[in-house]
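Written below as structure tokens is the structure these notes are about.
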Amino acid sequence: MTQTQNVVLAESLGTGQGKSRLAVDTAFVLAGVALLTLCAKVQFWLPGSPVPATLGTFGVLIVGAGYGARLGVVTLVAYLMLGAAGAAVFAGEKAGLAYLTGGTGGYLLGYVLAAGAVGALARRGWDRSIVWMALALILGNALIYVPGLLWLRGFADSWAQTLAWGITPYLLGDALKLALAALLLPSLWRLRATFSR
């Protein structure tokens, strides 16, 4: 694997050392938090589902793949800390520690795990191929669902209810979001290569 393949998309766009690198990373974190907030606020209804879906998982996976594990995790932690402090960065107008420890708490933990895992795979070059990117995103989505469902089980009467609340309404939307993200990252790399000629 070449040195270029060990670079994630954000690193290919911003360079620098010391204070300059810190300034670039800070700008990326702020942009990532803004993207995550915007994605959380976008709601759409799926046929047969009483629960609106958001673009939250899409934003998480894009940040992880585009930023790499280190900066992706830092961005997700900053996003969650802002929400815990009361900033309205989550879906709707929800915020605060009560939201973080409520039914969605496990999914929010999964956001951090997913960003780290997808970012690590992107560093290995998985974000350059639609097929490999799709596999990375499926793994990332699983890392959101597993802690999310385990945590949500404490709020439900049964596993059947947990699945009905926490996964079934979202499968179609997640499939569409994963397909879009799998196309987006390799396309951004191709665009980056075009402009760097």
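How about segment 80-101: which of its residues are farther than 23 Å from residue 65 by Cα and either touching a Pro at 6+ places or on another chain (Cβ under 9 Å) or in a loop (DSSP other than H, G, I, E, B) (or both)? First the steps, then the outcome.
Initial filter on segment 80-101 (farther than 23 Å from residue 65 by Cα): 84-88, 92-101.
The answer is 85, 86, 87, 88, 92, 93, 94, 95, 96, 101.
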Item to complete: Could you check, for segment 87-110, whether at least one of its residues is farther than 17 Å from residue 171 by Cβ, charged (D, E, K, R) and touching a residue at least 24 places away in the same chain (Cβ under 8 Å)?
Response: no
Response to the item:
Scanning segment 1-21 residue by residue, the ones that are of a type in the set (A, V, I, L, M, F, W, C) and modelled with pLDDT of 90 or more total 4
Worksheet item: Which is closer than 24 Å to residue 77 by Cα, open to solvent by less than 30 Å² (accessible area, probe 1.4 Å) and part of a helix (DSSP H, G or I), of 146, 118?
Response: 118
Item to complete: For segment 102-115, state whether one or more residues are open to solvent by 20 Å² or more (accessible area, probe 1.4 Å), of a type outside the set (S, T, N, Q) and more than 21 Å from residue 69 (Cβ to Cβ).
Response: yes
Item to complete: Being under 12 Å from the mean Cα position of the chain (by Cα) and of a type in the set (Gly, Ala, Ser) is the filter; apply it to segment 60-95 and report the residue that is farthest from residue 125 (Cα to Cα).
Response: 72
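When you scan segment 32-48, do you find a residue that is modelled with pLDDT of 90 or more, among the polar types (S, T, N, Q) and either farther than 30 Å from residue 168 by Cβ or assigned to a loop (DSSP other than H, G, I, E, B) (or both), even just one?
no
Against the condition open to solvent by 20 Å² or more (accessible area, probe 1.4 Å), modelled with pLDDT of 90 or more, of a type outside the set (A, V, I, L, M) and under 23 Å from residue 143 (Cβ atoms), how does residue 90 come out, does it pass?
On the way: open to solvent by 20 Å² or more (accessible area, probe 1.4 Å): no; modelled with pLDDT of 90 or more: yes; of a type outside the set (A, V, I, L, M): yes; under 23 Å from residue 143 (Cβ atoms): yes.
Criteria not met by residue 90.
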Fill in: Residues of segment 149-165 that turn out to be free of Cβ contacts under 8 Å to residues at least 40 places away in the same chain and part of a helix (DSSP H, G or I), as a count
8
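With in a helix (DSSP H, G or I), open to solvent by 40 Å² or more (accessible area, probe 1.4 Å) and at pLDDT 90 or above as the only criterion, which of 63, 24, 74 stands out? Outline the logic, then answer.
On the way: 63 fails: open to solvent by 40 Å² or more (accessible area, probe 1.4 Å); 24 fails: open to solvent by 40 Å² or more (accessible area, probe 1.4 Å).
When all the criteria are applied, what remains is 74.
So, of the residues in segment 149-181 that are polar (S, T, N, Q) and open to solvent by 50 Å² or more (accessible area, probe 1.4 Å), which turns out to be nearest to the chain's Cα centre (by Cα)?
Checking each candidate, the answer is 168.
The values are calculated or read from the model by the stated rules, or taken from the named source; none is laboratory data. Bear in mind the structure is a predicted one, so any value in this text is a computation, not a measurement. With ideal geometry, Cβ positions are generated from the backbone for all residues, glycine too; neighbour counts draw on all protein chains shown. Areas reflect the complete protein model, heavy atoms only, side chains present, ligands, DNA and RNA absent. Shrake-Rupley method; radii C 1.70, N 1.55, O 1.52, S 1.80 Å.
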